[in-house]
There are 2 protein chains.
Amino acid sequence: MQRVGIVDLGSNTARLVVFAYRPGRWFRKIDEIREPIRLGESMGRGNRLSEPAMQRAEAALNLYAKYAQVMKLPDIEVIATSAVRDAVNREAFLQRVRPLGLPIRVLSGEEEAELGVRAVANGFDFEEAWVVDVGGGSAQISQMLQRRSAAGQAYPLGAVRLTESCLESDPPSSAQVQWLEKVLQENVGQVCQSIRSDSLPLVAMGGAIRNMARAVQKSTQYPLDRLHGFYLTLQALDELSERLLAAQARRRARIAGIHPDRADIIVAAALFYRWLLRSSGREGLWISGQGVREGAFYGRFLPHPHLLTDIGDFSVRNIFEQYPQSDLHTEQVRFLARRLFEELLPLHGLGARHAFLLDAAARLHDIGMTLGYHKHHKHGAYLINSSPLNGFSHRETALLMLLVRFHRKGVPSWGSLGKLPGQEMAGRRVLLQMAACLRLAEFLERSRGGRIRDLQVKISKRKVRIRLTASENPFIEIWETKKQAYLFERAFQRRLLLEEEADDRGQIPSMLKAGAAQ
Amino acid sequence: MQRVGIVDLGSNTARLVVFAYRPGRWFRKIDEIREPIRLGESMGRGNRLSEPAMQRAEAALNLYAKYAQVMKLPDIEVIATSAVRDAVNREAFLQRVRPLGLPIRVLSGEEEAELGVRAVANGFDFEEAWVVDVGGGSAQISQMLQRRSAAGQAYPLGAVRLTESCLESDPPSSAQVQWLEKVLQENVGQVCQSIRSDSLPLVAMGGAIRNMARAVQKSTQYPLDRLHGFYLTLQALDELSERLLAAQARRRARIAGIHPDRADIIVAAALFYRWLLRSSGREGLWISGQGVREGAFYGRFLPHPHLLTDIGDFSVRNIFEQYPQSDLHTEQVRFLARRLFEELLPLHGLGARHAFLLDAAARLHDIGMTLGYHKHHKHGAYLINSSPLNGFSHRETALLMLLVRFHRKGVPSWGSLGKLPGQEMAGRRVLLQMAACLRLAEFLERSRGGRIRDLQVKISKRKVRIRLTASENPFIEIWETKKQAYLFERAFQRRLLLEEEADDRGQIPSMLKAGAAQ
């Protein structure tokens, strides 16, 4: 296991994130220290880092250096963005913090945009997109083509700067808002026209948009506690902007989801994104939970070009590696679930994406055992809910959770998760049928000994007959699976019959044939 | 690690529970198979196990024997209760299942009562209590004195038997209900008088009462998902009984919390407990999540007399052993939390029980790290919520959850958990003050290096001054703890000042003194 600390020295916030990882295999965040340093404060007047701002940044870097030393962190990297990059006294600042011994890399606007694009390329299944990051000092807008940054640029239009230069009163007057929008039009109106001319998805990252997305989720009781992959609509952003514009900073700080130390600058960020969506004719944008820090981390985690081959597949493996379970049992449940899905195709008619989702659920079905047997199906759903999961829509994430939650007992239903968009892709029937496949696979592997070698399915109008080929008499499996017939029968509207392929090893106990197992 | 399977062959249900454990150290359930065998069916007519009932029991035992073989379970014990004990054809049944090779122990009524009492003695802080277990075949009523069974007896008044002998129609007529109560009065009226004559708490166990408690929790939106330690009031039981009496079995099976295969006999059990509470003049009873199976398990887990010395302390250690974290860090946080609690006594005025609870929270504060750093405070609360925790009231359990949930950030509040009884023991102030102690302890150990050796506190009217003795300059600790002053100040209504004991190792950076860390 390796560890690396990435420090992002932004114009509003400094943050140390520590990753533990095995290159290319798995990674997870193991620590984080956030400092609201407001390094870009008052830079509008002469592009100069102020003395108090430099003191705060130095203190934060000092803290991180001490942390690295005490924690014996072998590897640390500081990336500095717009505030340092643009400062006329940048060299003085760098010299001042040099004694701390931290390697500081000042990113150019293009490099910063590139790291953002890399985070998106490894966080979404999009091949092409527009990537936007409104930070404290600058705003990056980049086009991603074939998962690479095709054109990326930083504009000195971050939320701290825009607030200082345009929004003098609090709350801002409508004249100030108009002025800000005019500034945006003049500086990024052209790139916005390019966005308007295509239909690529818009992906946004950074602390400000995450705060806004969280506020929208809280105020609408969004059923999933997850930002990455959230689709923030222009309508929701409009409503939030109105709320932000109507209040003073002190009251904005109390809006659930808005970090108090951002309350003064969040309005400028909201106005930026609102203007961008309106001007580019988009109905909404996708929230990326990964940003420049993760982009930098992927640079270490993966060899050039630092791209995951299959994002969804990696996410599932990454979770499994953290909560590992018996490989043999897991593989057997995956195999049986896949076979059932294949054989039942005439009844469910689902395709490759659903097959992949079922397989992901089979891989993760027992991760809750890490927390103990008791309620491990609930634990598993909880773990999926609280793990990063890239390459899945929120509806798909919820589907995974429900499949794991109901892999042992009960009848799944969408409940409040049914509010998530994507019902046409996975509604009640799909949930039941996929759950039935996983449930049968789990109980056909009840003794966890891989005794079922294969199965054949015969479908008739009223019945589904599953014939098992087994290495030993699968007494436990048949007995226990029969108890689960109710779910299958509800999902596929047919009676379930289970039998072992006749062979010469022994007979199935007569009481089973008689159906005494209820 | 050892494993043992305990099979409870009851009159209504057979259940195999597998425990993993290290004797005296820790244990957890790792598997469970439940079969609704209804072995006591039709026994009223001549006390004879019927052929179909024996077939079902044999099939279940066959399943368990196969399971033990396939899972290489080294140790298994079957305990048979009332149905087998009372059957005139008991020897024929035992001979019939002998080929399965399972060691079957038929418990006498006293032995069964004794195991139940042992489960209560290891599940509650009571020294003395009445323990009641209405099973399928028999009902046990025992008196526990000095944590031992003083007088325990089994009566042939289990729910299956009572249903068959008294409640012929469905739903039962009021004449049938009266008849059942008359039967109870005749058979257990005398012991009920003994209960009436003292004020010992009443503790109930077994599947039926657990189902009823669950139903009451669901219908009242009880804020904790936990049965053990729940206090079921007579009033709630009255209301539930009315619901049960008004419906037929098919509809009762759909009441949330009631297991469908108990829906026919649950009415008899409800009437038994209602009668018992009314006749003994009690306002409610405590639910034990542990029963005869656990009683048998403790017989292996602990040497004679099979009693835990300190139930609450054991529960906390048992959880910690399952989600172990750095011992050094945990011990240091415990130490600092204890020191803060001691020194702040003049302000909070809390006693030994609260000190114990704070210590428990300190021991468990990082268990969520097992699931990953990200949101580990939430994970920790989740793990406590889903772990068995004996020797704590539900209010105390909720307090533990909140202390862990808020050990890193935010301001705790009771929310819906405030509905739990016990507000006088832990309300808003207590929660804030204990949370502040734990929060400071955590951040005074931020670098996880045990650098703070001790602390002294000076309390004045407007300020609390904490003076640290440290092995090295505790730069990170002071810096990070200052950020948490807001919680302390809200809890204790005084400004917090932190400083290191002057020494000759070096100076505290001036920017810290200047309070630049916001």
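The values are calculated or read from the model by the stated rules, or taken from the named source; none is laboratory data. All figures in this text were calculated on a predicted structure; none of them were measured in a lab. Methodologically, a virtual Cβ is constructed for each residue, glycine included, from the backbone with ideal geometry; neighbour enumeration extends over all protein chains shown.
Scanning the stretch B:157-189 for residues that are under 17 Å from B:N47 (Cβ atoms) and surrounded by fewer than 20 Cβ atoms within 10 Å (Cβ to Cβ) turns up B:E164, B:S165, B:V183, B:N187.
Whether any residue in the stretch A:470-480 is within 14 Å of another protein chain (Cβ to nearest Cβ) and at pLDDT 95 or above is what I want to check. No, the conditions are met nowhere in the stretch A:470-480.
Take the conditions (1) in contact with a helix residue (DSSP H, G or I) (Cβ under 6 Å, 6 or more places away or on another chain); (2) more than 13 Å from every other protein chain (Cβ to nearest Cβ); B:M54 misses just one of them, which is (2).
In the condition set (1) more than 14 Å from every other protein chain (Cβ to nearest Cβ); (2) over 23 Å from A:E111 (Cα atoms); (3) surrounded by 23 or more Cβ atoms within 10 Å (Cβ to Cβ), A:Y64 is compliant with all but (1).
Among the residues of the stretch A:124-131, is there at least one that is buried (at least 24 other Cβ atoms within 10 Å of the Cβ), of a type in the set (A, V, I, L, M, F, W, C), out of contact with any helix residue (DSSP H, G or I) (no Cβ under 6 Å at 6 or more places or on another chain) and under 23 Å from A:S108 (Cβ atoms)? No, the stretch A:124-131 contains no residue that is buried (at least 24 other Cβ atoms within 10 Å of the Cβ), of a type in the set (A, V, I, L, M, F, W, C), out of contact with any helix residue (DSSP H, G or I) (no Cβ under 6 Å at 6 or more places or on another chain) and under 23 Å from A:S108 (Cβ atoms). Which one is modelled with the highest pLDDT, of the residues in the stretch A:329-358 that are more than 26 Å from A:L497 (Cβ to Cβ) and crowded, with 18+ Cβ neighbours inside 10 Å? Per the stated criteria, the residue is A:L357.
Taken together, the residues in the stretch B:435-474 that are part of a strand (DSSP E or B), under 29 Å from A:V18 (Cα atoms) and without any contact (Cβ under 8 Å) to a residue 40 or more places away in the chain amount to 4. Condition (residue is touching a Ser or Thr at 6+ places or on another chain (Cβ under 6 Å), closer than 24 Å to B:D264 by Cα and either of a type in the set (S, T, Y) or at pLDDT below 90 (or both)) applied to the stretch B:13-32: is it met by at least one residue? No, the conditions are met nowhere in the stretch B:13-32. Considering the stretch A:358-385 alone, what residues qualify as being within 8 Å of chain B (Cβ to nearest Cβ) and part of a helix (DSSP H, G or I)? Those that are within 8 Å of chain B (Cβ to nearest Cβ) and part of a helix (DSSP H, G or I): A:T370, A:L371, A:K378, A:H379, A:Y382, A:L383.
I'd like the residue in the stretch B:160-178 that is within 17 Å of B:E242 (Cα to Cα) and part of a helix (DSSP H, G or I) and, out of all such residues, is farthest from the chain's Cα centre (by Cα). Working first, answer last.
Going through the stretch B:160-178, the residues within 17 Å of B:E242 (Cα to Cα) turn out to be B:163, B:167, B:169-178.
Now narrow it down to the ones that are part of a helix (DSSP H, G or I): B:163, B:174-178.
On the way: B:T163: 30, B:S174: 36, B:A175: 38, B:Q176: 36, B:V177: 33, B:Q178: 35 Å.
Here the answer is B:A175.
Listed here are the residues, each with its yes/no results for (1) touching a residue at least 40 places away in the same chain (Cβ under 8 Å); (2) closer than 26 Å to A:N390 by Cβ; (3) touching a Ser or Thr at 6+ places or on another chain (Cβ under 8 Å).
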{"residue": "A:V131", "(1), (2), (3)": "yes, yes, yes"}
{"residue": "A:Q146", "(1), (2), (3)": "no, yes, no"}
{"residue": "A:S149", "(1), (2), (3)": "no, yes, yes"}
{"residue": "A:Q153", "(1), (2), (3)": "yes, yes, yes"}
{"residue": "A:K182", "(1), (2), (3)": "no, no, no"}
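Which residue is surrounded by the most Cβ atoms within 10 Å (Cβ to Cβ), if the candidates are limited to the stretch B:361-379 and must be touching a strand residue (DSSP E or B) at 6+ places or on another chain (Cβ under 9 Å) and modelled with pLDDT under 90? So the residue we want is B:G372. Which of the residues that make up the stretch A:77-92 are surrounded by fewer than 21 Cβ atoms within 10 Å (Cβ to Cβ) and either in contact with a Cys (Cβ under 6 Å, 6 or more places away or on another chain) or not acidic (D, E) (or both)? Result: A:R85, A:V88, A:N89, A:R90, A:A92.
Just to be sure, is A:S386 among the small types (G, A, S) and in contact with a Lys or Arg (Cβ under 8 Å, 6 or more places away or on another chain)? Yes; evaluated as a whole, the condition is true for this residue.
Would you point out the residue of the stretch A:25-40, among those that are crowded, with 22+ Cβ neighbours inside 10 Å and more than 30 Å from A:F314 (Cβ to Cβ), that is farthest from the other protein chains (Cβ to nearest Cβ)?
As a first pass, look at the stretch A:25-40 and keep what is crowded, with 22+ Cβ neighbours inside 10 Å: A:27, A:35, A:37-40.
Still in the running and more than 30 Å from A:F314 (Cβ to Cβ): A:35, A:37-40.
Working: A:E35: 8, A:I37: 10, A:R38: 10, A:L39: 13, A:G40: 17 Å.
Looking at the filtered set, the residue picked out is A:G40.
Count of the stretch B:8-24 residues, restricted to those that are assigned to a strand (DSSP E or B) and either closer than 28 Å to B:R317 by Cβ or among the basic types (K, R) (or both), is 9. Which condition breaks for A:M43 when tested against (1) modelled with pLDDT under 90; (2) buried (at least 23 other Cβ atoms within 10 Å of the Cβ); (3) within 14 Å of chain B (Cβ to nearest Cβ); (4) touching a Ser or Thr at 6+ places or on another chain (Cβ under 9 Å)? Exception for A:M43: condition (3). Of everything in the stretch B:67-76 that's of a type outside the set (A, V, I, L, M, F, W, C) and away from chain A (no Cβ under 14 Å), which residue is surrounded by the fewest Cβ atoms within 10 Å (Cβ to Cβ)? Residue satisfying both the conditions and the ranking: B:P74.
Quick check on B:V411: is it within 13 Å of another protein chain (Cβ to nearest Cβ), closer than 17 Å to B:A491 by Cα and either crowded, with 23+ Cβ neighbours inside 10 Å or touching a residue at least 60 places away in the same chain (Cβ under 8 Å) (or both)? Criteria met by B:V411. May I ask you to list the residues in the stretch A:43-89 that are in a loop (DSSP other than H, G, I, E, B) and under 30 Å from the mean Cα position of the chain (by Cα)? Within the stretch A:43-89, A:M71, A:K72, A:L73, A:P74, A:D75, A:T81 qualify. Just checking, how many residues over the stretch B:415-456 are closer than 22 Å to B:Q217 by Cα and within 14 Å of another protein chain (Cβ to nearest Cβ)? Of the residues in that region, 1 qualify.
Among A:A83, A:A121, which is more than 14 Å from every other protein chain (Cβ to nearest Cβ), in contact (Cβ under 8 Å) with a residue 12 or more places away in the chain and farther than 30 Å from B:R446 by Cα?
Working: A:A83 fails: farther than 30 Å from B:R446 by Cα.
Being more than 14 Å from every other protein chain (Cβ to nearest Cβ), in contact (Cβ under 8 Å) with a residue 12 or more places away in the chain and farther than 30 Å from B:R446 by Cα holds for just one of A:A83, A:A121, which is A:A121.
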